[in-house]
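Worksheet: the structure to be examined is printed underneath.
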Amino acid sequence: MTAARTKALAPLLSLALLCAPPAAAQDEMSEAEAFVASNILHILLHEIGHAVIDQFALPVIGQEEDAADSFATLEVLTIYDDDVDILLDAAEAMLIMHDIAEAGGTPLDYFGVHDLDIQRGLRIVCHAVGIDPDRYDEAARWTEMDADQQQACAIEAETAIESWDALLEPYLREEGASAPPAPVTLEDSALPEMQTFLAESGMMADIASYVGETFRWPQVPALTAADCDEANAWYDPDRVEITLCYEFIDELFALAEQR
Ligand SMILES: [Zn+2]
């Protein structure tokens with residue numbers, strides 16, 4: 001990483017120290033569980049991206065879903081900078097979802113609010129390689145990213161970091177400031193294995209600490225895991241609540257079997 005890029009990361013880096021990675025828990029996980037945990041982390045950070053945009057009334061130029069994805073990816077790069085698997089797992093899940101849709105003949109939704117899954121997955125790799133080409137060199141090879149594309153991704157990732165830093169700076173707590181965690185609710189589930197996995201991973205508690213300690217929220221978003229009858233996650237601006245569906249966790253385990 002160049003000195004300039006390290007400097008660009010510095011403001012976001014201050015967030016990092018507030019949130020201890022769930023390394024101990026992940027060490028004891030199976031490969032499939034670690035893959036699912038990586039994806040849950042990226043998904044929750046994506047929803048927190050929506051929450052900061054809403055709560056701080058941030059301007060969004062372009063697709064909000066892209067902004068939420070870049071927030072999640074850049075936060076992972078900052079908070080968990082020694083764990084490349086998190087972003088590789090998140091990217092791989094998107095690529096698997098694309099392959100499944102393609103194999104099933106599902107029409108591509110060019111008017112969707114999200115980019116296509118394959119684009120979202122490759123954008124994660126693009127930002128990761130752009131910011132830390134040495135650590136993610138295998139991902140660049142895996143996705144056949146050439147030198148020009150790597151250069152373009154470095155420029156884009158740096159723009160994304162500078163933009164997020166400028167927008168978030170007024171709302172960051174001072175480093176080391178203590179604040180209560182975001183409220184967490186793990187509702188009972190018809191998929192009890194998913195509920196147990198989420199509870200034992202400690203991820204919701206870690207993310208709740210990060211949410212509470214990092215930002216000066218007008219209203220701290222609540223984090224809820226629930227049965228939803230769909231494999232999804234969302235941020236509800238009226239309730240100021242992030243919901244992660246147990247069905248989504250179940251789907252992630254099914255994706256893990258497709259690897
Ligand atoms: Zn979203």
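Worth pointing out:
- Applying the criterion of at least 3 residues that are more than 16 Å from the chain's Cα centre (by Cα) and not aromatic (Phe, Trp, Tyr) to the helices (runs of 4 or more DSSP H) found wholly in the range 25-111 leaves 31-55, 85-103.
- Total residues in the range 209-259, condition at positive phi and of a type in the set (Lys, Arg): 0
- One residue from ALA179, ALA226, ALA154 being touching a residue at least 12 places away in the same chain (Cβ under 8 Å), under 29 Å from LEU95 (Cβ atoms) and touching a helix residue (DSSP H, G or I) at 6+ places or on another chain (Cβ under 6 Å): ALA154
- Here MET204 clears all of (1) within 19 Å of the chain's Cα centre (by Cα); (2) in a loop (DSSP other than H, G, I, E, B); (3) hydrophobic (A, V, I, L, M, F, W, C) except the condition numbered (2).
Here is a yes/no grid of residues against (1) touching a Leu at 6+ places or on another chain (Cβ under 9 Å); (2) part of a loop (DSSP other than H, G, I, E, B); (3) modelled with pLDDT under 95:
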position	(1), (2), (3)
THR159	no, no, no
ALA166	no, no, no
ALA177	yes, yes, yes
ALA190	no, yes, no
THR196	no, no, no
PRO218	no, yes, no
ALA225	yes, no, no
GLU230	no, yes, no
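- Answer residue from the range 112-126, given it is over 15 Å from the mean Cα position of the chain (by Cα) and either among the hydroxyl-bearing types (Ser, Thr, Tyr) or within 19 Å of ASP146 (Cα to Cα) (or both) and is surrounded by the fewest Cβ atoms within 10 Å (Cβ to Cβ) among those: GLN119
- Hey, PHE71 closer than 17 Å to TYR235 by Cβ and at pLDDT 95 or above or not: yes
- When restricted to residues that are among the hydrophobic types (A, V, I, L, M, F, W, C) and within 16 Å of the ligand (Cβ to nearest atom), the range 112-139 contains 3.
- Cβ-Cβ under 8 Å pairs, at least 6 apart or on other chains, the range 59-70 side in the same structural domain as GLN119 (by TED's automatic domain parsing) and more than 9 Å from the ligand (Cβ to nearest atom), far side assigned to a loop (DSSP other than H, G, I, E, B) and of a type outside the set (A, V, I, L, M, F, W, C): GLN63/HIS114; GLN63/ASP115; ASP66/ASP115
- Residues of the range 136-165 that turn out to be of a type in the set (Ser, Thr, Tyr) and either crowded, with 20+ Cβ neighbours inside 10 Å or not assigned by TED's automatic domain parsing to the domain that holds MET94 (or both), as a count: 1
Each row is one residue, and each column tells you yes or no for (1) out of contact with any strand residue (DSSP E or B) (no Cβ under 8 Å at 6 or more places or on another chain); (2) among the β-branched types (Val, Ile, Thr); (3) over 28 Å from VAL220 (Cβ atoms); (4) not assigned by TED's automatic domain parsing to the domain that holds ALA233.
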residue	(1), (2), (3), (4)
VAL52	no, yes, no, yes
THR73	yes, yes, no, yes
ASP81	yes, no, no, yes
ILE124	yes, yes, no, yes
ASP134	yes, no, yes, yes
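- Flag if ASP54 is touching a helix residue (DSSP H, G or I) at 6+ places or on another chain (Cβ under 8 Å) and within 27 Å of GLU162 (Cβ to Cβ): no
The values are calculated or read from the model by the stated rules, or taken from the named source; none is laboratory data. Fair warning: this is a prediction, and the values are worked out from it, not measured in the lab. Neighbour counts are summed over all protein chains in view; Cβ atoms, including those assigned to glycine, are modelled from backbone coordinates with ideal geometry.
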